[in-house]
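The values are calculated or read from the model by the stated rules, or taken from the named source; none is laboratory data. Everything quoted here is computed from the prediction, not taken from an experiment. A quick note on method: Cβ atoms are made from the backbone with ideal geometry, for glycine too, and the neighbour counts reach across all protein chains shown. Please note that ligands, DNA and RNA were not included when accessible areas were found on the heavy atoms of the full protein model with its side chains. Shrake-Rupley method; radii C 1.70, N 1.55, O 1.52, S 1.80 Å.
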Amino acid sequence: MRNLLNFLMKYSTWFVFAFYVLVSLILLFSFNTYQGAVYLTSANAVTGSVNEATSEITGYFNLRKINESLQASNAALENKVLNLTNEINHLKTLVDDSVRYAGLPPRFDYVTAAVINNSTRRPRNYFTINKGRADGIAPGMGVVDQNGVVGIVNVCGNHTSRVISVLTKDQPFSVKIKGTQFVGSLAWKENDAQSAWVEEIPRHARYRIGDTIVTSGFSTAFPEGIPVGTVMAQVKSGDSNFFTLKVHLSSDFNHLSTVRVIKDSLKPELDMLQRFDRKEE
Amino acid sequence: MDKRIIHIAVLFVTILLAQILIFNHILLFGIAAPLVLVYFIVRTPIDMGTNILLTLSFLLGLAVDICSDTPGLNALACTLTAVVKKPVFYAYVQHDDRMKGITPNILTLGLADYCKYLFTITGIFSFLVFSIEYFSFADIKEIFILTLGSTALTFLLLLGTDSLVTIRHDRRSK
């Protein structure tokens, strides 16, 4: 207390000076229109620039939340597009039907999940997501990120799931050249997280370097038309009736953060039919 | 009551009345306004406590402001000028025991030093008044013209007044 008093006494002149200057400035800005306006304009400019700098810094802290909300809205929009495409395809098959069309129930739904563990350097790569059986995830569901296909759900826990990455040997994905019906099989063979191979493309297929490879829609994991990559080059194939394409993968597997798991409402029915087919064989 | 306090009180009231009743209404050639209230800061004893000087200067400025409808303008200029009074004084006068407790005027400082001291303080005060009034460096040219005009007019007025007052006081004391 004594030290505080000594300090106040020692610098009393400056305190008195600051007090009178402050009172004068308050009077000046409060009761003089011109000076008040100039002060407000300058103060606004300073406040504006300070706020701008602050928001530039704090904006980075909110990017994760913003990204998650964008992913969720993107998923909802993609879901709508897929269901509308489904509906349009169905409507095309109805020719002059007098029965009133009631619409199709939506087939695909998305669940947004965060990648919590990832590997890209092994022969068989997996990553783990933070959604599981409790969120409606089941083995065999396709997983995509904002750029394209990234894997298929392999094992499910209650709140986490393991996903087989596209970067896995012996895990084929049914794909096709976009805009055509030339279907092939996507396979990853080498230790390169950016490229893979599309095998069994018919020899008569027409394509160009840079063409997009998309999912064929022949599996219940992925709807048709989800990007997988772009054609880099053609490589020789052992079978003279088919050729193999080297593909640059759309997704960056080294930086997977948020993904979406695709839920197909027809999957149980289609799986049952496939099992029935196998029994007959 | 201490003679010095009465002297300061008379100086305060006289300068206040002179400024608000006479000099507030004068603007020579549109560029020279007599800002005689700075005379109070000039003529207060050099050993007066800074806190007291700041308070009296602020109150004088505020009183002029209230009567001139310019709240804060003269109060701020007076406070800022009061705080630089001692540094300005000692810029022209050497620290000396004989200088302790003196009231700056022609007799105590000599004409040359007193003129320098008076001109500097008047110049600073005029510059502050017009800078605060214009409150924008876009008008710096006008601020300088008004500062020069007002400094010259105020300096001449105060020097003349000071000569009369000091010489009369000197004769009386002899």
Are there GluC sites (Glu not before Pro) in region A:163-241 that DSSP marks as loop and that have at most 11 other Cβ atoms within 10 Å, and which are they? A:GLU190
In this structure, among A:LYS80/A:LYS131; A:LYS178/A:LYS246; A:LYS92/A:LYS176, pairs with alpha-carbon gaps over 18 Å are A:LYS80/A:LYS131; A:LYS92/A:LYS176
Amide H contacts under 5 Å for A:THR168, placed H, 5+ residues apart: A:ASN125, A:TRP188
Considering protein heavy atoms only and a 1.4 Å probe radius, which residues within region A:3-18 exhibit an accessible-area decrease of no less than 40 Å² in the full assembly relative to the chain by itself? A:THR13, A:PHE17
Residues in region A:162-192 near a label at A:ARG121, defined as backbone nitrogen under 17 Å from the 7 Å Cα→Cβ point? A:167-168, A:190-192
Which residue, B:PHE23, B:PHE12, B:PHE137, tops the fluctuation ranking in a GNM of chain B built on C-alpha contacts under 10 Å? B:PHE137
Any idea of the total accessible area buried by the B-A contact, 1.4 Å probe, rounded to 100 Å²? 1600 Å²
Per residue, how large is the accessible surface of region A:108-281? Use a 1.4 angstrom probe and give square angstrom. 51 Å²
Of A:PHE31, A:PHE61, A:PHE222, the most mobile residue in a GNM of chain A (C-alpha springs, cutoff 10 Å) is A:PHE31
Chain A: percent of C-alpha pairs farther apart than 32 Å? 47 percent
Could you tell me what percent of the accessible area of the protein assembly as shown is made up of carbon and sulfur, with a 1.4 Å probe and every protein chain present? 61 percent
Partner shielding of A:21-31, as the mean number of partner chain Cβ atoms within 10 Å, equals 6
Report the residue, chosen from B:LEU37, B:LEU17, B:LEU54, that carries the largest GNM mean-square fluctuation when chain B is represented by alpha-carbon nodes joined by springs under 10 Å. B:LEU17
Inverse of mean 1/r across different Cα pairs in region B:3-173, Kirkwood, Å: 16.3 Å
Exposure rank, largest accessible area first [A:PHE108, A:PHE7; 1.4 Å]: A:PHE7, A:PHE108
Taking the protein assembly as shown and counting helices only, DSSP H stretches of n ≥ 4 at -39,500 (n - 2.57) each over all residues, the nearest-500 ellipticity at 222 nm comes to -17000 deg cm²/dmol
Taking a ≥ b ≥ c as the square roots of the eigenvalues of the Cα gyration tensor of region A:99-244, is the shape rounded (a/c under 1.5), prolate (a/b larger than b/c) or oblate? oblate
